[in-house]
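J.: Let me give you the structure first, and then I'll get to my questions.
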Amino acid sequence: MIRVLFFARLREQLDVGQLELSPSEAGGTVAELKQRLVDRGEPWASALGADNLLCALNQQQARGDEAVAAGDEVAFYPPVTGG
Amino acid sequence: MIRVLFFARLREQLDVGQLELSPSEAGGTVAELKQRLVDRGEPWASALGADNLLCALNQQQARGDEAVAAGDEVAFYPPVTGG
Amino acid sequence: MDVSIQQEDFDVGRLQRELLGEDTRVGGTAVFVGCVRGEPDAAAADPDAVLAMDLEHYPGMTESSIQAIVDEARQRWALRSVRVIHRIGKLKPGDQIVYVGVACGHRGEAFEACEFIMDYLKTRAPFWKKETTPSGSRWVDARDSDDAAAARWQRTTETAGD
Amino acid sequence: MDVSIQQEDFDVGRLQRELLGEDTRVGGTAVFVGCVRGEPDAAAADPDAVLAMDLEHYPGMTESSIQAIVDEARQRWALRSVRVIHRIGKLKPGDQIVYVGVACGHRGEAFEACEFIMDYLKTRAPFWKKETTPSGSRWVDARDSDDAAAARWQRTTETAGD
């Protein structure tokens, strides 16, 4: 399975902090995984449609074209505001 | 009287930390006061001849052309090395 | 251990002693401490006053992303010692949030490395602040000025060419 | 009181609490601590090793010159609090010499003001260091790099035009 995490405002908009997808549900890349979620309709489409959203693959910031496989961890989150 | 102070390497070279001059002994300006001391010969001439020497009048850094009067404090010292 | 993520407050005096250690090659330390700004007593007057703050983070990635920033700083400057602490959870105005301390042979590199780590931490480490105000709670928006601060270091690399 | 000249060591933890005070408009503090570099155990091996340091100063002018630097920093940046401590007398490798701490609303101005005060203190405040080594004692020479560091702030004023 692939673990998908959501943080901060995005987590609240989706009302979900994490979910698990099979590789076939996830599609082949980080960007495809995101599109599959958008295709679920609201609130996914709006929340994941924010153009400043960031993503990470296995806790490294990702661009989107990275391949996703079983055992991977994918995260989506708004711009960071620590420090 | 005018109080004249010497610090650090300069104080050691002259073997004197401070002296008092009458206004007539001091000359009219900081630069003239320095020249009067240089005119005493060694070790004054060599020690006060160092071209990176700094001076202060009444605890404010001075250029040399400032007038000196009774009650003033004049100081000569090498470049500073604190911090 | 360079990086800690914790709920507890930190003691700047103890951290200073750890930063110096017994290393007599240290010529100086530069330390930044970030604090929660707000007006704890202004609640009634100002509906936007920050009464409290909650810091969410991405466990695991937080530590590794800050460690990567520290490693990059170690490559750019001769750091003799470095420590980063970031708090999470519920904080109130006046509380310390973040500590970045570096010890170097000379002051210029200490200042640069400390500011570099803070600038990159602000834009790369996965933390999110949520403020509580009299009119409700709200997520803090990222600031363009933080992106600009981090971008400075990129330009430095390009123009210096080393 | 912004400036202290003293023989005693200082406690960075206590100074941090004083710097923050109860001021919840402080977003961050930048603190520089300078230390005596040297090799206390290398005496036999290295005739140039620094075993001890003696700091001479110009009483009265030291305080007023540092206060003038602090006043200039207060004009350039919105400092909410500032503290400078410089030690004098006999010190040994590893000892703290100087503390410069500033508290500001935002981190950029805290870093700048702290570095500005250190750079100016290095070139304007009347202190002189004398090192003791196995081969004797010697006055430390002023460094051109310190003049260059202080000159940066002059250029900033000229080009910014404010």
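J.: Please verify whether B:V16 is surrounded by 14 or more Cβ atoms within 10 Å (Cβ to Cβ), in contact (Cβ under 8 Å) with a residue 40 or more places away in the chain and more than 10 Å from chain D (Cβ to nearest Cβ), treating the condition exactly as stated.
T.: The answer is no for B:V16.
J.: I've got another one for you. Looking only at residues in segment A:29-53 that are surrounded by 18 or more Cβ atoms within 10 Å (Cβ to Cβ) and under 17 Å from A:G17 (Cβ atoms), which one is farthest from the chain's Cα centre (by Cα)?
T.: The residue in question is A:A47.
J.: So D:V31 fits all but one of (1) assigned to a loop (DSSP other than H, G, I, E, B); (2) crowded, with 22+ Cβ neighbours inside 10 Å; what number is the exception?
T.: Among (1) assigned to a loop (DSSP other than H, G, I, E, B); (2) crowded, with 22+ Cβ neighbours inside 10 Å, the lone unmet condition for D:V31 is (1).
J.: I've got another one for you. Tell me which of these D:Q96 doesn't satisfy, since it passes every other one: (1) over 14 Å from the mean Cα position of the chain (by Cα); (2) over 12 Å from D:A125 (Cβ atoms).
T.: Looking at each condition in turn, D:Q96 falls short on (1).
J.: If we only count strands (runs of 3 or more DSSP E) wholly inside segment B:1-80, which ones have 1 or more residues that are of a type in the set (K, R), out of contact with any strand residue (DSSP E or B) (no Cβ under 9 Å at 6 or more places or on another chain) and over 27 Å from D:I69 (Cα atoms)?
T.: none
J.: Follow-up question, since we're still on this one. Looking at D:V84, is it within 8 Å of another protein chain (Cβ to nearest Cβ) and not basic (K, R)?
T.: No: the conditions fail for D:V84.
J.: Which condition breaks for C:Q75 when tested against (1) part of a helix (DSSP H, G or I); (2) touching a helix residue (DSSP H, G or I) at 6+ places or on another chain (Cβ under 9 Å)?
T.: The number of the failed condition is (2).
J.: Given the residues D:D9, D:D46, D:D41, which is the only one that is modelled with pLDDT of 95 or more, closer than 30 Å to D:T133 by Cβ and either at the interface with chain C (Cβ under 10 Å from one of its Cβ atoms) or assigned to a loop (DSSP other than H, G, I, E, B) (or both)?
T.: Exactly one of D:D9, D:D46, D:D41 is modelled with pLDDT of 95 or more, closer than 30 Å to D:T133 by Cβ and either at the interface with chain C (Cβ under 10 Å from one of its Cβ atoms) or assigned to a loop (DSSP other than H, G, I, E, B) (or both), namely D:D9.
J.: When the residues of segment D:12-25 are filtered to those that are in contact (Cβ under 8 Å) with a residue 12 or more places away in the chain and out of contact with any helix residue (DSSP H, G or I) (no Cβ under 6 Å at 6 or more places or on another chain), which remaining residue is farthest from the other protein chains (Cβ to nearest Cβ)?
T.: Looking at the filtered set, the residue picked out is D:E18.
J.: Sticking with this one: Taking into account only those residues within segment C:110-162 that are surrounded by fewer than 22 Cβ atoms within 10 Å (Cβ to Cβ) and of a type in the set (A, V, I, L, M), which is modelled with the lowest pLDDT?
T.: Residue satisfying both the conditions and the ranking: C:A160.
J.: Oh, and also: Restricting attention to segment C:51-67, report how many residues are free of Cβ contacts under 8 Å to residues at least 24 places away in the same chain and more than 9 Å from chain A (Cβ to nearest Cβ).
T.: So the count comes out to 0.
J.: What are the residues in segment D:1-60 that are of a type in the set (F, W, Y) and touching a Lys or Arg at 6+ places or on another chain (Cβ under 7 Å), if any?
T.: D:F32
J.: Do you know which residues across segment B:62-78 are surrounded by 14 or more Cβ atoms within 10 Å (Cβ to Cβ) and either aliphatic (A, V, I, L, M) or free of Cβ contacts under 8 Å to residues at least 40 places away in the same chain (or both)?
T.: Correct list: B:A62, B:E66, B:V68, B:V74, B:A75.
J.: Also, I was wondering about something else. List the residue pairs whose Cβ atoms are under 7 Å apart, where the first residue sits in segment D:112-130 and is without any contact (Cβ under 8 Å) to a residue 40 or more places away in the chain, the second is charged (D, E, K, R), and the two are 6 or more positions apart or on different chains.
T.: As it stands, the answer is D:K122/D:D146; D:T123/D:D146; D:T123/D:D147, since those pairs meet every condition given.
J.: Report whether or not C:E72 is of a type in the set (D, E, K, R) and touching a residue at least 60 places away in the same chain (Cβ under 8 Å).
T.: No, not satisfied.
J.: Also, quick follow-up: What is the residue count in segment B:19-55 for residues that are basic (K, R) and touching a residue at least 40 places away in the same chain (Cβ under 8 Å)?
T.: 1
J.: Among the residues that make up segment C:56-64, is at least one of them under 21 Å from D:E112 (Cα atoms) and surrounded by fewer than 21 Cβ atoms within 10 Å (Cβ to Cβ)?
T.: The answer is no, given that none of the residues of segment C:56-64 is under 21 Å from D:E112 (Cα atoms) and surrounded by fewer than 21 Cβ atoms within 10 Å (Cβ to Cβ).
The values are calculated or read from the model by the stated rules, or taken from the named source; none is laboratory data. All values reported here derive from a predicted model rather than from experimental measurement. Quick reminder, even Gly has a Cβ in these numbers, built from the backbone with ideal geometry, and neighbours come from all protein chains shown.
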